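Engineer: I have a structure here, written as structure tokens, and I will follow up with some questions on it.
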Amino acid sequence: TFQNGGLAIRANSAQTLGLPLQGVEVDITGLYRPGAKLTAVGQTSADASALVNYSQNSPVDYFTGGLLSQSVASGPADVALQLGIPFTKGERISSNVDVTLKNVSIQLNKQMPKISGVSGEIGIADGLVRLKKLKGTALGGDVLVSGGSSKKGGVKIKALGVANASGLASYLSPKLQPYLTGASPYEVQISTGADGADMSIQTDLKLMINGD
């Protein structure tokens, strides 16, 4: 509908890059005046696989330095999206995406262990990504994941957790299970940038080899 020199569009549902949206509201203000702007809001509850697909095929892939380019995920997630597109040349597009994860499983790539039972929030605001209180289970123990992107480019993520013998054996090789015992805290840092991705691991190795 046209009103007050602008355009308002309302839809019960819509879709963008395979991601279904509900309660979509699109407004164009100042349609015939300088400073005209389009704003769009919507929300959805979808499987995390749809979010990963959206990330891989949208500007989010650039914001995250391709961090999720090889990722697979599953589980329920809620998304709230807000987009602002100015019609004036030189003004920046604004975007805000809030994702709430609920018991999600995710694997960054085939070489990384899967993190299951992930809960927490991910925020994307004007091209910057923030991981908020992400908790899950990996390598048989609890893990806490934090980090995000910076204005200088690239993404830094830190994972703090504890690996136990059975979890580590399941990841490396089930044949190791009879020979390992104990647990070990660890810290993993992953960074992406123009030169690709780097990963560092620090641990006080407390896992012991069984001699029996």
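Engineer: Could you pull out the trypsin sites (Lys or Arg not before Pro) across segment 83-132 that fall in loop regions by DSSP (anything but H, G, I, E, B) with no more than 10 other Cβ atoms inside 10 Å?
Structural biologist: Passing both the DSSP loop test and the Cβ count: LYS89, ARG92, LYS110.
Engineer: Let me ask something additional. Along each principal axis of its Cα atoms, how long is the chain end to end? Whole angstroms, biggest number first, please.
Structural biologist: 81, 35, 23
Engineer: Here's something else I'd like to know. I need the shape label for segment 56-156. Rule: rounded when a/c is under 1.5, else prolate if a/b > b/c, else oblate, with a, b, c from the alpha carbon gyration tensor.
Structural biologist: Prolate shape, in that a/c is at least 1.5 and a/b is the bigger ratio.
Engineer: Show me, for segment 44-52, the HN-Hα J-couplings you get by feeding each phi into the Karplus relation (A = 6.51, B = -1.76, C = 1.60, θ = phi - 60°), rounded to Hz, glycine and proline as x.
Structural biologist: With coefficients 6.51, -1.76 and 1.60, one gets 7, 10, 9, 6, 4, 4, 5, 5, 5 Hz.
Engineer: Figure the gain on full extension for SER200 and LEU172 (residue separation times 0.36 nm, minus the Cα-Cα span) and round it to one decimal in nm.
Structural biologist: Between SER200 and LEU172, full extension yields 8.3 nm more.
Engineer: Under a Cβ-only charge scheme (Lys and Arg +1, Asp and Glu -1), can you give me the dipole magnitude of the chain about the Cα centre, in debye to the nearest 20?
Structural biologist: In total the dipole reaches around 280 debye.
Engineer: Using R₀ = 25 Å, calculate the FRET efficiency as 1/(1 + (r/R₀)^6) where r is the Cβ-Cβ separation of ASP98 and SER69; round to 0.05.
Structural biologist: Once the sixth-power term is evaluated, E becomes 0.65.
Engineer: Going highest first, how would you order 169-176, 184-191 by mean Cβ packing within 10 Å?
Structural biologist: Final packing ranking: 184-191, 169-176.
Engineer: Further question: Starting from the Cα of LYS89, draw a straight line to each of the aspartates and glutamates and keep only those under 20 Å, dropping any in the same chain fewer than 8 residues away.
Structural biologist: ASP27, ASP126
Engineer: Ok, one more. What pairs from LYS114/LYS135; LYS102/LYS152; LYS102/LYS133; LYS132/LYS158 go past 20 Å between their alpha carbons?
Structural biologist: Exceeds cut-off: LYS102/LYS152.
Engineer: Would you be so kind as to identify which of SER105, LEU134, GLN22 lies farthest towards the positive end of the dipole of the chain, taking Lys and Arg as +1 and Asp and Glu as -1 on Cβ and the Cα centre as origin?
Structural biologist: GLN22
Engineer: Using only DSSP helix segments of four residues or longer, with each worth -39500 (n - 2.57), what per-residue ellipticity at 222 nm results for the chain after dividing by its residue count and rounding to 500?
Structural biologist: Calculated mean residue ellipticity at 222 nm is -2500 deg cm²/dmol.
Engineer: Roughly how large, in nm² to one decimal, is the mean projection of the convex hull of the alpha-carbon atoms in segment 54-100?
Structural biologist: 4.1
No lab work stands behind these numbers, since they all come straight from the coordinates. Computed from a predicted structure; not experimentally measured. Please note: Cβ atoms are built from the backbone with ideal geometry, for glycine as well, and neighbour counts cover all protein chains shown.
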